[in-house]
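The values are calculated or read from the model by the stated rules, or taken from the named source; none is laboratory data. For clarity, every value in this text was computed on a predicted model and none was experimentally measured. Neighbour counts run over all protein chains shown; Cβ positions are idealised from the backbone, glycine included. Keep in mind that these areas ignore ligands, DNA and RNA; they rest on the heavy atoms of the full protein, side chains included. Shrake-Rupley method; radii C 1.70, N 1.55, O 1.52, S 1.80 Å.
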Amino acid sequence: LVNDSLIQKFVINVSNLADEELTIKDSLVVTPDGEFETYNQAGGKWIDRASYTRYTPYVDTLESMEVSELLSIYDTYKADIDERFAEISRPGARFDDALIDAINELLDTPEVPMPIEVFSESVVYKYKDPRIEALSGPQKQLLRTGPDNMRRIKDVLRTLKDALEARES
């Protein structure tokens, strides 16, 4: 069921992604089951592959939807989406442009060698490699889904982006 809150959260998430930001309070999905797991080896702390499998049900659901279905849902709620976006964006900004920017932000996430070393100064883990830690919040979150899930997500995003751009031309 779609309601204003869901549409508002969708718009906020897309806008934030396009701006290379990530917010937890407006998340569209519940936190994955299980804990973020690490293991110690060679004097470092590394992300355990088990942490990646927590995201697989989300990726399975995303892959199960046809792009035509996603676009149909988008079209159904487009007026409401545009209205909500106008409330939070600069004058003249188009949601369609923000959506493409958000997709591009995720598609630009680099593939990194596994395993990934992390460290913790508090309750939050950070990437040991400063090049990874310098990535945007959305890109770092996408990396946390793991290499296989990230590849699958990017495949769906590429297909969606191609379909959106084909509609613009």
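For this structure, a couple of remarks:
- Residue in the range 33-53 that is among the β-branched types (Val, Ile, Thr), modelled with pLDDT under 95 and either surrounded by 15 or more Cβ atoms within 10 Å (Cβ to Cβ) or part of a helix (DSSP H, G or I) (or both) present: no
- With respect to the conditions (1) touching a Pro at 6+ places or on another chain (Cβ under 6 Å); (2) under 21 Å from ILE103 (Cβ atoms); (3) not small (Gly, Ala, Ser), ARG54 lacks only one, and its number is (2).
- Qualifying residue in the range 136-143 (condition: of a type in the set (Gly, Ala, Ser) and over 22 Å from ARG54 (Cα atoms)): no
- Pick from the range 105-121, criterion closer than 16 Å to GLY44 by Cα and in a loop (DSSP other than H, G, I, E, B), ranking: farthest from the chain's Cα centre (by Cα): GLU121
- Any hit, the range 72-80, residues being open to solvent by 60 Å² or more (accessible area, probe 1.4 Å) and under 20 Å from the mean Cα position of the chain (by Cα): yes
- Residue within the range 151-165 that is farther than 30 Å from TRP46 by Cβ, without any contact (Cβ under 8 Å) to a residue 60 or more places away in the chain and either assigned to a helix (DSSP H, G or I) or open to solvent by 40 Å² or more (accessible area, probe 1.4 Å) (or both) present: yes
- One residue alone among GLY92, GLY44, GLY146 is touching an Asp or Glu at 6+ places or on another chain (Cβ under 8 Å) and among the small types (Gly, Ala, Ser), and that residue is GLY44.
- Among the criteria (1) on the phi > 0 side of the Ramachandran plot; (2) part of a helix (DSSP H, G or I); (3) not aromatic (Phe, Trp, Tyr), the one ALA102 does not fulfil is (1).
- If you filter the range 63-72 down to residues that are of a type outside the set (Asp, Glu) and part of a helix (DSSP H, G or I), you find that the one that is nearest to GLY34 (Cα to Cα) is SER64.
- When the criteria are applied in full, ASP60 fails the requirement of being open to solvent by less than 80 Å² (accessible area, probe 1.4 Å), acidic (Asp, Glu) and either in contact with a Phe, Trp or Tyr (Cβ under 7 Å, 6 or more places away or on another chain) or in a loop (DSSP other than H, G, I, E, B) (or both).
- The listed residues are GLU105, GLU121, and the only one of them that is open to solvent by 30 Å² or more (accessible area, probe 1.4 Å) and out of contact with any Lys or Arg (no Cβ under 8 Å at 6 or more places or on another chain) turns out to be GLU121.
- Filtering the range 119-150 to residues that are of a type in the set (Phe, Trp, Tyr) and in contact (Cβ under 8 Å) with a residue 40 or more places away in the chain leaves PHE119, TYR125.
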